[in-house]
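Below is one structure, written out as structure tokens, with a few remarks after it.
The values are calculated or read from the model by the stated rules, or taken from the named source; none is laboratory data. Everything numeric in this text was worked out from a predicted model, so none of it was measured. Cβ coordinates were reconstructed from backbone atoms using ideal geometry, including for glycine residues, and neighbour counts include every protein chain displayed. For accessibility, only protein heavy atoms count, side chains too; no ligands or nucleic acids. Shrake-Rupley method; radii C 1.70, N 1.55, O 1.52, S 1.80 Å.
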Amino acid sequence: MDARSAAFGFACGLAAYPLYQRVKQLRTDDAAPGPVKESTIRLMTRIAMQSGAVNLSQGFPNEAPPTAMVCAAAGALLAGDSEAAAAAMAKRLEALVPAGKRKDALNQYSFPYGAPALRRAIEAYYKRWYPTVAADADANVTVVMGATEGFAATIRALTEPGDVVAFFEPFHELYPSQLAIFGLTPRAVTLTAGKDAWGFDESQLDASLAGAKLLLFNDPHNPTGHRFSDAERDAIARLCAKHDVVVVTDEIYEHMCFRGGPHATLAARPDCAGRAVVVNSISKTAKATGWRIGWVVASAARTAKIRAVHDQLVACCPTPLQHGVAALLDHPETDETVLAAIAGEYEAKRDALAAALARAGFGLGPTPAGSYYLFVTFGGVAALAGLSPTDAALKMTRDFKVACVPGDNFYLGASKATHGAKYLRFAFVRSLDVIADAAANLAKLPS
């Protein structure tokens, strides 16, 4: 084993873990069916690093991938506005790479549950932002392929087919879709629009949590932009405790909070700390939706289950990109130079698109307090009168050149007609010049 690998293994603190005992247990467990287990192959790599052994256990090389491929990827990272710009950047980078064969570690598999550098960076990030949340790099953090895989691994790890999982509607479409994949029963609690904010009926939440295993909780909320009040959070915490339900929080819009103060995770509450699992991602915060790097923060016992499912689903996340995310999260100056500026940027975009939609006749409802969506009614738009949400969205896209999503996509069953039929969702995530183009097209809608 070369010095670089040895240092990598030492940095992981592997000597503290009797990994060989885990291998023996895995081999014993294989004799009978049971829960999903972590990969023995990848576990043997960690034991090799701990033992200073020549690693012939896992099938990954220690030589660099083709220079042209690596430079093409770097070109896309540095000049991603077009394929031509990326290709030109790649050519410039190729000239900087030494000729000949090179050794490599950071383009190969990382540990399944995340490169140590990124897990330590996530731990440091939580110490700065949410110091009461247990986010130990070794015991509590799993690096996943974005929040989508984070939810899949968490849901599969903490439920069995037939279990009930509750969530608020309107919802992100992945919630019921993933529940269907795993043979779970969805149960929706409906948010309704008031004058200044969305809200829910506490009795409906109480009934929905009875017999449920999980509550999927997105705050700030997609698609409404709602930020749950302290009173609502009190009710959620109290009712989850009453019904012994684990809360899986979806926090990818945590830095897009326009009013009501900074984001507050349920996992930081004393009455939720033991039953909360945090799912997050760099996709929205860092404008890197294609990187697919996220994380799950959970108790040590739940983390072991989540890591086992994640291990078998994806093996590991892209190693070079993990190091990129670590560089963002591990530096306190990032909090001021990048993260603190996010809310103001998106608030300006929200206001620009909202004004254009209002002029075109859309009903805005409560002003979004977070995330980056406007969930608007279209009944007041003459050109869309009488149309279903799908037909309205298609007409907006084809005829008026502003794409949106049908509102009934965010509801279950009968709620599609009773609630979702009047809504369309517009994202104010694009740059201000693109939003200005959308506004110009919205202005062409007949009055």
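General observations
- Computed over protein heavy atoms with a 1.4 angstrom probe, the accessible surface ordering of Tyr109, Tyr130, largest first, is Tyr109, Tyr130.
- Ligands, DNA and RNA are left out, and with a 1.4 angstrom probe the accessible area of the chain is 45 Å² per residue.
- Under the Debye formula (equal points on every Cα, no solvent term), log10 I(q)/I(0) of region 117-237 at q = 0.15 Å⁻¹: -0.83
- Reach of Lys305 by Cα under 26 Å, taken over lysines that are not fewer than 8 positions away in the same chain: Lys24, Lys37, Lys127, Lys213, Lys242
- To the nearest ten degrees, helix 83-94 and the longest principal axis of the Cα atoms of the chain are 20 degrees apart.
- Measuring between alpha carbons in the structure, the pairs from Lys287/Lys349; Lys349/Lys444; Lys284/Lys349; Lys349/Lys416; Lys416/Lys444 lying more than 23 angstrom apart are Lys349/Lys416; Lys416/Lys444.
- Accessible-area order (highest first, 1.4 angstrom probe) of the listed residues Phe400, Phe428: Phe400, Phe428
- Dipole of region 395-439, positive end: most advanced residue of Asn409, Ala438, Ala427 [Cβ charges, Cα centre]: Asn409
- Accessible surface of region 31-148 [probe 1.4 Å, protein heavy atoms]: carbon and sulfur percent: 62
- Residue of Ala68, Ala288, Ala115 that the Gaussian network model of the chain assigns the largest fluctuation, springs spanning Cα pairs under 10 Å: Ala68
- Ranked from largest to smallest solvent-accessible area, with a 1.4 Å probe on the protein heavy atoms, Asp311, Asp433, Asp138 come out as Asp433, Asp138, Asp311.
- Charge dipole (Cα centre; +1 on Lys/Arg Cβ, -1 on Asp/Glu Cβ; no other charges) of region 317-436 amounts to roughly 780 debye.
- Under the convention that each Lys and Arg Cβ holds +1 and each Asp and Glu Cβ holds -1, the size of the dipole of the chain around its Cα centre is about 640 debye.
- Label selected from (i) 22.8; (ii) 26.0; (iii) 23.9, the criterion being Kirkwood radius over Cα pairs in Å as computed here: (iii)
- Think of the chain as having a plus end and a minus end, set by charges on the Cβ of Lys, Arg, Asp and Glu; of Thr154, Asn140, Ala53, Ala53 sits farthest toward the positive end of this dipole.
- Rounded to the nearest 10 Å², the accessible area of Glu160 at probe 1.4 Å: 100
- Count Lys and Arg as plus one, Asp and Glu as minus one, and take only other residues whose Cβ is under 15 Å from that of Leu364; the net charge is then +3.
- Qualifying aspartates and glutamates (Cα of each under 14 Å from Cα of Lys422; at least 8 residues distant if same chain): Asp391, Asp408
- Considering only beta bridges that DSSP places wholly inside the chain, some 50 percent are antiparallel.
- Springs join every pair of Cα atoms under 10 Å in this Gaussian network model of the chain, and among Val279, Val434, Val143 the largest mean-square fluctuation is at Val434.
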